[in-house]
Each structure stands twice: as structure tokens, then as C-alpha cells.
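Worksheet for the structure shown next.
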Amino acid sequence: MKSLLKYAFSMLLLCMLSFQLIAQETFTPQDLLEMKSVRGVQISPDGSEIIYIHYTPRTSNEKPGGSHSEYLRMNLKTKNITPLFGDVKGRSPQWSPDGKYIGFIKKGDNGKNQVFTMPVDGGEISQITNFERNIGSFKWNPNGKGIAFISREVASDKEKELKKRGYGFIFFEENLKMNRLYTASLDGKIKELTTEKNVWNFEFNAQGTQIAATISPEPLIDQNYMFREIYIIDLASGTNERLFENIGKLGNYSFSPDGSKLLYTGAENKNDHAVSQLYVVDLATKKRINLTKRDFKGHIQWGYWKNNKEILFKSGEGVYPKLSLISANGGEREIILDSKDNGIIFGTPSISADFKTFAFTASTTIDPGNIYVWNGKKDIEQITDVNPQLANKSLAKQELIRYPARDGVMIEGLLMYPVGYKANEKYPLVVYVHGGPESHHSNGWLSRYSTPGQVMANKGYMVVYLNYRASTGYGVDFGAVGLKDPAGIEFDDIADAIDYLVAKKGADKERVGMAGGSYGGYASAWFATYYTDYVKAVCAFVGITNVISKKGTTDIPHEERLVHSVNYLEQQWLMNLERSPIYWAHQSKTATLIYGGAEDTRVHPTQSMELHRRMKMNNHPAVRLVQYPGEGHGNRKQVGQIDVLFRQIEWLDWYVKDLKPLDGPMPRLDISERYGLDWNF
């Protein structure tokens, strides 16, 4: 009997050991590249079903492009999942107000994108528009009798002929084609609502008698950022009236259920760099009130009417989002969902008509994203599991850290410990810096192709993601620290973080690397030059290197001036020069990998070229520039994402982890053997 028990116990230990080994399988770059995702969840009006998009990354051997997508439909009671469209190539599905139909966009009989409907219980697909141009987006009229849609103007026959004959010249930011707004009845009758300015998006009132639309003079991305204004359009008369003078960036907006008021999220003032406030406007009196507390230590990102008297809003507060209710007349809020309590970092919810069922995508520190539902009372329920393989992967411990900056202000960040971390050892450190800077990290899944924290932690690195000053999520005053002060206090906070992690957490001062994109690329270039003693190597992705020339080449010059520089360039030439990494390039002792899209209009490719040239002209021995054809401000195609991931890892391993000398050979240029390609020669 004892022998039998001993044998059983041995077998149990063996099984436990085997399970542990399986559970501790290393999380690799390939694992990161294979992560599936879900987005765009919409709940049916009665709360019984959802539709959503499921994304599957392309493999390295497929034709270059974005992830494969499939629209799916789930019954929330049975959890049964079925394809929404089947063989039909549709997109942008929307439930009808009564929940009996789903509208969507696909190619129509005339070869243009048109609006179709299909019954939710099965039946024939019907085409309800036959417009002469492509339809970009649409919404159902809540009365169920039609839709409204946006369509962009196209080139005239004369313009097409000129282009055909070689005279299709580019008139920079002129001769632009506007987005127009139209209504269409279910029998196909179409009415144009706007004729001169550009429409970005719109919302119906619940009665189906009015539309609120954001409109700007021109269809430039800069105008979308800074100069959209809300207009109220009366559908019976066709009149439209600007609601108020725009004061800065705008977020979402919607009518109260009775149609008497409009809520919107927006900036506090024209210099506020992000959507941060919640406003309500009385449509009869035009009186506007701000429901946001002046000292609110967060950013309100989205609002939604619960009823005529209460408003739901989502806010980012530090590293945790929250959902709160507040009276439409103002007062104290009631927090109804706080991700700090459950570790679920949720997105904007889709809510059933009775306000009893919420559906949203969310992540955790060990899950890149799934769909959850919540009834407003009990625990949130996870209803998808798109990456079950993660259960067998070793994932790093992630925790919130707070550290004092040099002036005593407390700054937050998220620290990933190396897998197998021991408190008495030193570890190489990678600092990942977010872009914007009007953005912030929440305490969920952080690893992406250009900031692969979990991969690096599995390779023995300590990894930190910082919410330095100028980040959102900590209030308008915190976010405004970088106003008229680029690469100032905000980047000093990053240097102070490195000092803190070396002194308190076991980071190796001699082995520090940094990477980031956009403004994070700016930080990386700044540390490669001005703060060069702090880092052995950086990877600067689509980053700013010359603040002066960036102002003249970006597609958001007004946004840059109003919410960052404030003053015109001629009033701050010297300051902008001194806050440019190219100004300090001559003193760099940091291995610098520079990479980005060859067609980036936000941070022009010449920004990368300027820093590379300045370093080369100063005989820098370890600088490399890689540009990705066809890519803009970030890589959409899998081929560029694959290269960024592996190239960054090799660069940081070479100079940070292995401490190869700056004046020695650089990492190999051709890393194609890591792509996982099937060679045919």
C-alpha cells in the first residue's frame, strides 16, 4: 500500500512538474507577432447579441498588408459565434434601431460602396442606396425610416482627363475634395444636407429630426484635430446652425434622449493638448456648462446619456480607466466601474437600449485583449478567449511604480520585472516611451511590435513604461507641463526614472536602452544626443529630431503650434534649435537605430534623415537608418512590423545586453533569416 501511495505521489509530482514546464514556456517574438485581437464590439439594442471584428495577423510569407479581419456575431446567452457576412464582403455593420436588421457597406451594382441591409433572423440582403459615389460611413435614423451617410467628392471628368494626359499636378493643400452629408430613405431617395464645408462625423437625435455634425472649412487632418465645430442640422427645413465657437479639440458628442441638450467631450481651452472635459449644452438657450471638476486628476475621454438627467462618462485616471455617473446639471460623480478593483483595462462600452448590459474590449497585464460583458452590478464576464496559448507562456510580473522627479513631483510608470527576477542581481533596462505626448499607459497589456516588453522581459531585461509629465490621465495641469517647453521637464522625468530604477530596483546603470515612436521617438533621439550618458543604445521610431523643420513638414502644423509651441516659430528660433536632437548630435556616445515609414506625413521621413546625417558627419560609428516603403506614421503591414521587432531586439541585445563597443562592428544589416520566410531559390 505504501509503495502504491509512493508511486502515486511520484506521478503527481511528475505531472505537476510537467504542467509547470508547459506553463513556463518562453514568450517569444513570434508569439507576439501571432497575437490575435478583437475590436469594434457593438451590442444589439435588446442586449442579446454582439457583433465584433476578429483580427488575425498575416504571416511573414503572405502578401504584405494589415491583419486579416472577420466580422463575427455572438449570442450572449449561448455564446454561440457565427460569421456575420459569410461570403459577402461587407464592412461597418450597424444594428438597426429596432434590432431587426443589420446595415452594412459593400460594393453595389454600380461598383461603388453602398449601404445594404440584412434581417438578423436570416433572409435576403437588400441594397438601399445607389449613390453615384462611394459611401464612406453611415448611421441609421432612429425613426427606422432611413439613414444618413457621408460621401467624398471625386475628381471631375476634366481633372481625370488632365491626369490621364500627364497634367495631374499636385496643388498642395488646395483643390481638396470635401466630405458631404446626405440622408437616404429606405426607398433610396437621397437629399444633400451640406454643400460647402467638410463633414467629419455626425449623430442623430432620438427623434430622428435633427443631426449634430462636426464640420470644418477643409478636409485636412489638422482641421480635424483643431478646427472642427459642431453644427445642428434640422432635417425638415435643411437649415444648419453652428452651436458655438470651437475652443480646441473635440471628442464624442450626443443628444439627450428628449433632444433638448447635447453633451460633448473636448478640451478645456485651445491650448489643452487632449480631450479632457465633459460639457452639456442647452440647445434652446445655448448655455453651456462644464461638468468636470477644475482639479480633476484625469482626462474624460467619452460621454453617454443614461437618461435625460444622468450622464455616463469614461475617464483615464493614472494607469486605470473608470466609468462614472454624474447629473446633467453637475455635482459629484458616482464611480460605477473602476479597473483598479479588477485589473481589467476596459475600452469604451457599447450599451443596450435599457442600459442594463455593457459590452467592451479590455486587456489585462497578461492578456492583450478580449471581449467582456457587464450588467452594471456583478463581476465583469470575459466571453472570448482569442489567445488561449498564452496560458502556457511565462509572462513577466507587472506593477505600478511611483518615483520622485528631481523637483519632488511624483511620477508613475509600469515596471515589468525580468522573468526569473532575483532582488540581489543587476539587470539590463529598456525604457519604452509613449508618443503624443498626449497619451498614457494603463496597467494592461503593453507589448506591441515596436515596444515588445513581454518579449524583452523573457530575455532577461527589466522593462519600464513611463507616464512622464505631459501625459494624459493626470489632469490638465499635468498635461500642460510640456507647453512651450519641448524636451524639458517631460524628458527630465525619464532621466529621473532611470536613476530611480538603478538605485531602487536593480537596473544596471551600464546597460540601459530606450525605444519609442513619434514623441517617444523624439525622446529616444534626445537621449541618444543630449542625455547620451544615460543610455547605451536607442531605437528611434518615426521620431522628431529637428523641431524647427518638423513645424514646416508635419500635416498638423496648427495643432503643433496651438497645443505645444503656442508661439510662432519666429518667436522661438533658438529655443527650438536647442531642443532638437540634431543640435546635440555631435556629442552622442549612444548607438542609434533610426527607423520609420518612407511616406510619413506626421513626422516627415526627413526628420530621420537629418539626425542620421548629422551623426554621420560627426563620424558617429554606430548609427543606422531604415525606412519602410509605403508606410506612414507607424507600420501597418506585417512585413514592416516583423522587421521593427527583430531589428530592435538585435540592436538592444548587441549594445545593451552584450555591451558590444560603440566603435566596433554594428549588428548585421540583413536579418531576413529571422523573418520566418519560406525561400524559393
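Taking the Cβ of Phe202 as the centre, find all other residues whose Cβ is under 15 Å away and add up their charges (Lys, Arg: +1; Asp, Glu: -1).
Cβ neighbours under 15 Å give a net charge of +2.
Any chance you could check the Cα centroid distance between the range 178-217 and the range 393-463 for me, in angstrom?
Result: 45 Å between the Cα centres.
Under the 0.36 nm per residue contour assumption, what length would be gained going from the current alpha-carbon distance of Asn80 and Asp258 to full extension?
Details: separation 178, 0.36 × 178 = 64.08 nm, distance 3.62 nm.
Gain in length upon complete extension: 60.5 nm.
Quick one: helix 605-617 against the long Cα principal axis of the chain, what's the angle to the nearest 10°, folded into 0 to 90?
The angle comes out at about 20 degrees.
Among the listed pairs Lys397/Lys509; Lys197/Lys249; Lys249/Lys377; Lys36/Lys112, which are separated by more than 25 Å between their Cα atoms? The partial results should precede the final answer.
On the way: Lys397/Lys509 21 Å; Lys197/Lys249 18 Å; Lys249/Lys377 34 Å; Lys36/Lys112 31 Å.
Table pairs above 25 Å Cα-Cα are Lys249/Lys377; Lys36/Lys112.
Using only Cα atoms and rounding to the nearest 10 degrees, what angle (0 to 90) does helix 519-529 make with the longest principal axis of the chain?
30 degrees
Could you tell me how many degrees, from 0 to 90 and to the nearest 10, lie between the Cα long axis of helix 2-23 and the main elongation axis, the longest principal axis, of the Cα atoms of the chain?
In the chain, helix 2-23 runs at an angle near 70 degrees to the longest axis.
For Arg561 and Glu218, calculate 0.36 nm times their separation in residues minus their Cα-Cα distance, and state this gained length in nm to one decimal.
Full extension from Arg561 to Glu218 adds 121.6 nm.
Which of Ile489, Ile221, Ile147 has the fewest other C-beta atoms within 10 Å, and how do the rest follow up to the most?
Values: Ile489 17, Ile221 13, Ile147 22.
Listed from fewest to most nearby Cβ atoms, that is Ile221, Ile489, Ile147.
Which pairs in the list Lys106/Lys306; Lys139/Lys177; Lys79/Lys393; Lys504/Lys657 are over 29 Å apart, alpha-carbon to alpha-carbon?
Working: Lys106/Lys306 33 Å; Lys139/Lys177 22 Å; Lys79/Lys393 26 Å; Lys504/Lys657 20 Å.
Distance filter (> 29 Å) returns Lys106/Lys306.
Please check which bits of the range 532-550 a label hung off Glu650 would reach, taking the label as a point 7 Å along Cα-to-C-beta and the cut-off as backbone N under 19 Å.
537-542
Between rounded, prolate and oblate, where does the range 39-137 land on the alpha carbon gyration tensor, with a ≥ b ≥ c its root eigenvalues, rounded for a/c under 1.5, else prolate if a/b exceeds b/c? Don't jump to the answer; show the numbers that get you there.
Numbers: a/c = 2.13, a/b = 1.03, b/c = 2.06.
Oblate shape, in that a/c is at least 1.5 and b/c is the bigger or equal ratio.
Select from the range 401-488 those trypsin sites (Lys or Arg not before Pro) which occupy a DSSP coil region and have at most 11 other Cβ atoms within 10 Å, ordered by residue number. Write out the running numbers ahead of the final one.
On the way: sites: Arg402, Arg406, Lys422, Lys426, Arg448, Lys459, Arg469, Lys484; in loops: Arg406, Lys422, Lys426, Arg448, Lys459, Arg469, Lys484.
Those satisfying the criteria are Arg406, Lys422.
So how much slack lies between Thr209 and Asn143, counting 0.36 nm per residue of separation and subtracting their Cα-Cα distance, in nm?
Details: separation 66, 0.36 × 66 = 23.76 nm, distance 0.88 nm.
Extra length available between Thr209 and Asn143 comes to 22.9 nm.
Counting each DSSP H run of 4 or more residues in the chain as -39500 (n - 2.57), what helix-only mean residue ellipticity at 222 nm follows after dividing by all residues, to the nearest 500 deg cm²/dmol? Could you put the intermediate results ahead of the total?
Values: 14 runs with 127 residues, N = 681.
The helix-only estimate for the chain comes to -5500 deg cm²/dmol at 222 nm.
Bear in mind these aren't lab numbers, they're just calculated from the coordinates by the rules spelled out. Predicted model only: the values in this text are computed from it and were never measured. Counting neighbours? That spans all protein chains shown, and the Cβs are built from the backbone with ideal geometry, glycine included.
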